[in-house]
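Before any comments, here is the structure.
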Amino acid sequence: MKKADAAPGLPRRAFLRRWVIAVTAGEALGFMIPAAVGGVLAVAATPSFLVYPLMIAAGACEGALLGLGQSIGFGSSVVRRSSWVAATAAGAAVAWSVGMLPSTINDFDPGSPSVVPWILAGAVLLLVSIPALQWLVLRRVIRPAFWWIPVNVGVWAVGILWTLAPSPFIDERTALPVLFGTYLLAGLLMALTVASLSSLAALRVVQLHSRTENQQAEVTN
């Protein structure tokens with residue numbers, strides 16, 4: 001049996017290829033912003049009270065580029081690009097605000113039993129932030145839409161592991177170009193992983209949107 005097109009005039013394989021390329025490019029380019037900003041702030045020995053808001057702003061820029069890549073991957077008729085980009089940028093800002101908290105707290109001890117529940121809660125909030133705010137946009141165009149949240153939580157839980165991969169191989173003696181290059185490679189692999197693992201979910205969104213539009217057209221006629 002021939003598989004249905006992912007979107008009007010766009011075969012399934014073409015859609016998946018467009019999604020993976022656009023999302024990988026958006027997230028990889030976006031990740032370069034906080035990576036570069038973080039590196040500059042570290043070299044400049046910037047006070048922590050300035051590092052925190054600057055890194056959140058850089059993270060929001062990363063989210064904006066990710067959202068742009070995803071909106072391109074979806075196509076022009078599924079979600080309003082400005083709303084999707086804004087929601088993704090806001091979600092990324094929340095994620096970075098949570099992720100940066102431990103480095104701003106004096107005497108933070110991740111091994112303390114009293115801290116572990118807060119770490120787990122923070123990890124959940126970090127992973128949920130982007131898909132939850134995207135869901136607020138997505139629910140306007142498809143039903144059901146809530147499944148987008150757990151699917152993407154799982155996607156990000158896998159993808160974000162790449163950012164932890166360089167840690168065993170670098171230390172304070174690592175040359176700055178090597179340090180930047182290592183984390184940029186990790187960011188690229190994270191972007192590709194997130195794009196690939198979320199591609200079928202994106203395809204489902206487009207199919208549900210197309211079905212909804214067809215049903216509305218039938219009712220109108």
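Quick notes
- Scanning segment 34-93 for residues that are on the phi > 0 side of the Ramachandran plot and assigned to a helix (DSSP H, G or I) yields nothing.
- Close contacts from segment 9-29, counting a first residue that is closer than 14 Å to Gly67 by Cα and a second that is in a helix (DSSP H, G or I) and open to solvent by 70 Å² or more (accessible area, probe 1.4 Å), with Cβ to Cβ under 7 Å and a gap of 6+ residues or different chains, come to Ala22/Ile72; Thr24/Leu192; Ala28/Leu188.
- In segment 13-29, residue nearest to Trp162 (Cα to Cα) [restricted to those that are more than 17 Å from the chain's Cα centre (by Cα) and open to solvent by less than 40 Å² (accessible area, probe 1.4 Å)]: Leu16
Conditions (1) more than 17 Å from Thr163 (Cα to Cα); (2) surrounded by fewer than 15 Cβ atoms within 10 Å (Cβ to Cβ); (3) polar (S, T, N, Q), marked per residue:
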| residue | (1), (2), (3) |
| --- | --- |
| Val40 | yes, yes, no |
| Val51 | yes, no, no |
| Ala58 | no, no, no |
| Val85 | yes, no, no |
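- In segment 176-184 there is at least one residue matching the filter, namely being among the aromatic types (Phe, Trp, Tyr), touching a helix residue (DSSP H, G or I) at 6+ places or on another chain (Cβ under 8 Å) and in contact (Cβ under 8 Å) with a residue 24 or more places away in the chain.
The values are calculated or read from the model by the stated rules, or taken from the named source; none is laboratory data. What you see is a predicted model; the values in this text were computed from it and never measured. We place every Cβ from the backbone using ideal geometry, glycine too, and count neighbours over all the protein chains shown. The protein model used for the area step is the full one, side chains on, heavy atoms only, and it has no ligands, DNA or RNA in it. Shrake-Rupley method; radii C 1.70, N 1.55, O 1.52, S 1.80 Å.
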